[in-house]
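For reference, the structure discussed in these notes is given below.
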Amino acid sequence: MIWLSRENGINENDLYLDVQSVSLSFEDHVLSGMVRGVIGDGASENWCEMTLGSEESVQILPVWNEDGSIDSLVDEVDENLLSQQLLAEVRKYLYDKKLFRPVHVSGFMGQQTSDMNAQLAA
């Protein structure tokens, strides 16, 4: 779980990103990654997909409730500011867990991907 603080002006409540999956690829000596998870504030949640690497992007998608309604967190936050903070925090999280370190990738790509799930669970 990655926590995003309200101190950065995103939302009146602290936000969290519950990382569901991380996939890495290494092509033409370029490391890229896809991070998927649920972002929320305890009342509203959205699905989030982030692309890391040379071309970075964030997509925040709605999640339907059991009754068919949609509670969108995006309506309550500055989406550009949220995207910037998400990318920064996810990059730091993956770097700290030694999952996304481009300088170490070429020789250790196989080891990184095999250890990824165990490290994320910690």
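The values are calculated or read from the model by the stated rules, or taken from the named source; none is laboratory data. Because the structure is a prediction, the values reported are computed rather than measured. Note that we place each Cβ from the backbone using ideal geometry, even for glycine, and neighbour counts take in every protein chain shown.
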Hits in the stretch 9-43 (condition: farther than 15 Å from LEU82 by Cα, touching a residue at least 12 places away in the same chain (Cβ under 8 Å) and part of a loop (DSSP other than H, G, I, E, B)) = HIS29, GLY42, ALA43
All but one of (1) assigned to a loop (DSSP other than H, G, I, E, B); (2) modelled with pLDDT of 85 or more hold for ASN46; which doesn't?
-> (1)
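Is one or more of the residues making up the stretch 67-76 in a helix (DSSP H, G or I), under 18 Å from TYR93 (Cα atoms), modelled with pLDDT under 80 and not hydrophobic (A, V, I, L, M, F, W, C)? Give the steps one after another, and end with the answer.
Step one: filter the stretch 67-76 for residues in a helix (DSSP H, G or I), giving 73-76.
Still in the running and under 18 Å from TYR93 (Cα atoms): none.
No, the stretch 67-76 has no match at all.
Would you confirm whether or not the stretch 77-85 contains a residue that is part of a strand (DSSP E or B), surrounded by fewer than 13 Cβ atoms within 10 Å (Cβ to Cβ) and either among the hydroxyl-bearing types (Ser, Thr, Tyr) or modelled with pLDDT of 85 or more (or both)? Don't jump to the end; show me each part of the working.
Going residue by residue through the stretch 77-85, those that are part of a strand (DSSP E or B) are none.
No; the residues of the stretch 77-85 include none that is part of a strand (DSSP E or B), surrounded by fewer than 13 Cβ atoms within 10 Å (Cβ to Cβ) and either among the hydroxyl-bearing types (Ser, Thr, Tyr) or modelled with pLDDT of 85 or more (or both).
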Those residues of the stretch 86-118 which are in contact with an Asp or Glu (Cβ under 6 Å, 6 or more places away or on another chain) and at pLDDT below 85 amount to none
Which condition number does SER57 fail, the rest of (1) under 15 Å from the mean Cα position of the chain (by Cα); (2) closer than 15 Å to GLU79 by Cα; (3) loosely packed, with under 15 Cβ neighbours inside 10 Å; (4) at pLDDT below 90 being met?
-> (4)
